[in-house]
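First the structure, in the form of structure tokens, and then the observations on it.
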Amino acid sequence: MRYDAVIVGGFGHVGLPLAISLADRGQKVCAFDINEKARRTIADGRMPFHEDGAEQALRRVLQNGNLTLSLDAEVLPQTDTVVVIIGTPVDRHLNPEFEELRDVMAGYLPYFRDGQLLVLRSTVYPGITEKLRSWLRAAGKQVELAFCPERIAEGLAMAELTSLPQIISSFSEDGLTRARALFETLGVETIAIPPIEAELAKLFSNVWRYVKFAAANQFFMIANDHGADYYRIHHAMTTNYERCRDLPKPGFAAGPCLFKDAMQLAAFNKGGFYLGHAAMLVNEGLPNYIVNQIKRTHDLHDKTVGILGMAFKANVDDKRESLSYKLKKILLFEAKEVLCSDARISDRDLISSDELIRRSDMIIVGTPHREYRSLQIPPEKIFVDVWNMSGKGCVI
């Protein structure tokens, strides 16, 4: 075989760091995708998005030939191991959408060959791995399926791919052995469980974080409503007290996974996931809560409001499902003008942080990028800092 692994979706946030990491450990890897612009960027040795430490490794594996980039599905039969990075999104009614995964796999069906291992890497609706295996075999493809979910934090993939335990699952001992060998190349511990349990473990992991963030945001709202500083309370609760050490601080809980996976879990449980729905109402409601609190003491109609940070979380350049944009939409109905800036995202609709600070009457921290820690906010500006980036606490 020409490649040790071909990664479908290999130019994206999940696929590219995995491809680089495997190639950097001696594997012959092909990153396969359909994005020509991303391919050109990657071929030039530049990451199309930010990942700490990735660009140097990318240049290394391009130079030594361990990483190949392709837009041609003809690479798929040239390996025994195909890693597929296509998830299950939710539609506007919050129901899982299976069509994308099914349609993509149908398109690649002629390229799969008997004896291959197909490793699903993205979050999927529980039971999808088994259904896909049955569908492929009914189509005459004697391939084995494995579900081996990624659990990395965006921006930290290069470190976490080689340090975090990897959950693996398959329907046969051969599938498990091959999946284990793939990820043990990265030097990590592997944990084998049945596919349905691996699918649920991935969903539970994301939703557990989402629920914890909701608890912190609800606590913040309660404290704020009574004029108390949640950050002082948080410090008192968590300092040298292990039972509360995992309590998060408040802020926008967003991005392409957490909300979506809470809704997938609710759908899987036939709508009976009240904790998840409550978490969604709290987290999605935080932008509206902030605006309503501001309106209690300030008339926004004559004010220019600046949102500092539009990425979905700090220190990344990814704006997918960012609640800063929801905050912007709410403010467009309330304020005279809304300005937006981000230290990591390049967008013609964004202005520099210096210009935003200069032109705004009120500044709201949407995303606490590390670049903002040294900013000097003039004392005459109204500064709303739910993230406590300034270290001075927050009562709105």
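The values are calculated or read from the model by the stated rules, or taken from the named source; none is laboratory data. Since the structure is predicted, the reported quantities are computational estimates derived from the model, not experimental observations. Note that each Cβ is placed from the backbone with ideal geometry, even for glycine, and that neighbours are counted across all protein chains shown. Side chains are part of the model used for accessible areas, which takes the heavy atoms of the whole protein and leaves out ligands, DNA and RNA. Shrake-Rupley method; radii C 1.70, N 1.55, O 1.52, S 1.80 Å.
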In this structure, does Phe268 turn out to be crowded, with 19+ Cβ neighbours inside 10 Å and either aromatic (Phe, Trp, Tyr) or modelled with pLDDT under 95 (or both)? no
Here is a list: Ser346, Ser322. Which entry is of a type in the set (S, T, N, Q), closer than 25 Å to Ala157 by Cβ and free of Cβ contacts under 8 Å to residues at least 60 places away in the same chain? Ser346
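Filter the range 10-26 down to the residues that are in contact with a Leu (Cβ under 9 Å, 6 or more places away or on another chain) and among the small types (Gly, Ala, Ser) and list them by number.
Answer for the range 10-26, where residues must be in contact with a Leu (Cβ under 9 Å, 6 or more places away or on another chain) and among the small types (Gly, Ala, Ser): Gly10, Ala19, Ser21, Ala23.
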Taking the condition modelled with pLDDT under 95, within 28 Å of Tyr274 (Cβ to Cβ) and buried (at least 20 other Cβ atoms within 10 Å of the Cβ), does Leu258 pass? yes
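Quick one: count up the residues across the range 77-96 that are within 29 Å of Val29 (Cβ to Cβ) and in contact with a strand residue (DSSP E or B) (Cβ under 8 Å, 6 or more places away or on another chain). Let's see the steps before the verdict.
Our first condition is that a residue be within 29 Å of Val29 (Cβ to Cβ); within the range 77-96, this holds for 77-89.
Still in the list and also in contact with a strand residue (DSSP E or B) (Cβ under 8 Å, 6 or more places away or on another chain): 78-86, 88-89.
Looking only at that region, the number is 11.
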Of all residues in the range 371-385, which are surrounded by 11 or more Cβ atoms within 10 Å (Cβ to Cβ) and either more than 12 Å from Leu308 (Cα to Cα) or aromatic (Phe, Trp, Tyr) (or both)? Tyr372, Lys381, Ile382, Phe383
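Among the residues of the range 196-208, which ones are open to solvent by 70 Å² or more (accessible area, probe 1.4 Å), over 12 Å from Arg151 (Cα atoms) and touching a helix residue (DSSP H, G or I) at 6+ places or on another chain (Cβ under 9 Å)?
Once the filter is applied, which keeps residues that are open to solvent by 70 Å² or more (accessible area, probe 1.4 Å), over 12 Å from Arg151 (Cα atoms) and touching a helix residue (DSSP H, G or I) at 6+ places or on another chain (Cβ under 9 Å), the range 196-208 yields only Ile196.
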Within the range 373-396, which residues are over 24 Å from His235 (Cα atoms) and either charged (D, E, K, R) or part of a helix (DSSP H, G or I) (or both)? Glu380, Lys381
I need every pair where a residue in the range 222-251 that is closer than 25 Å to Ser205 by Cα and open to solvent by 60 Å² or more (accessible area, probe 1.4 Å) has its Cβ under 8 Å from the Cβ of a residue that is among the basic types (Lys, Arg) and assigned to a helix (DSSP H, G or I), sequence separation at least 6 or different chains. Asp246/Lys212
Does at least one position in the range 117-129 carry a residue that is in contact (Cβ under 8 Å) with a residue 60 or more places away in the chain, in a loop (DSSP other than H, G, I, E, B) and of a type in the set (A, V, I, L, M)? yes
Looking at Arg137, is it among the charged types (D, E, K, R), within 16 Å of the chain's Cα centre (by Cα) and at pLDDT below 95? no
Of the criteria (1) touching a Phe, Trp or Tyr at 6+ places or on another chain (Cβ under 6 Å); (2) under 30 Å from Gln116 (Cα atoms); (3) hydrophobic (A, V, I, L, M, F, W, C), which one Ala223 fails: (2)
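Just one of Arg151, Arg178 is closer than 16 Å to Gly115 by Cα, in contact with an Asp or Glu (Cβ under 9 Å, 6 or more places away or on another chain) and open to solvent by 10 Å² or more (accessible area, probe 1.4 Å); which is it?
Just one listed residue meets the conditions, Arg178.
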Counting residues that are at pLDDT 95 or above and open to solvent by less than 10 Å² (accessible area, probe 1.4 Å), which strands (runs of 3 or more DSSP E) fully inside the range 1-88 reach at least 2? 5-8, 29-32, 81-84
Residue list for the range 352-388, filter: touching a residue at least 60 places away in the same chain (Cβ under 8 Å) and of a type in the set (Gly, Ala, Ser): Gly366
Test each condition in (1) closer than 30 Å to Glu144 by Cβ; (2) polar (S, T, N, Q); (3) not in a helix (DSSP H, G or I) for Thr177 and report the one that comes out false. (3)
Which one is surrounded by the most Cβ atoms within 10 Å (Cβ to Cβ), of the residues in the range 154-172 that are part of a helix (DSSP H, G or I) and small (Gly, Ala, Ser)? Ala157
Within the range 288-336, the residues that are open to solvent by 10 Å² or more (accessible area, probe 1.4 Å) and of a type in the set (A, V, I, L, M) are Ala314, Ile330, Leu332, Ala335
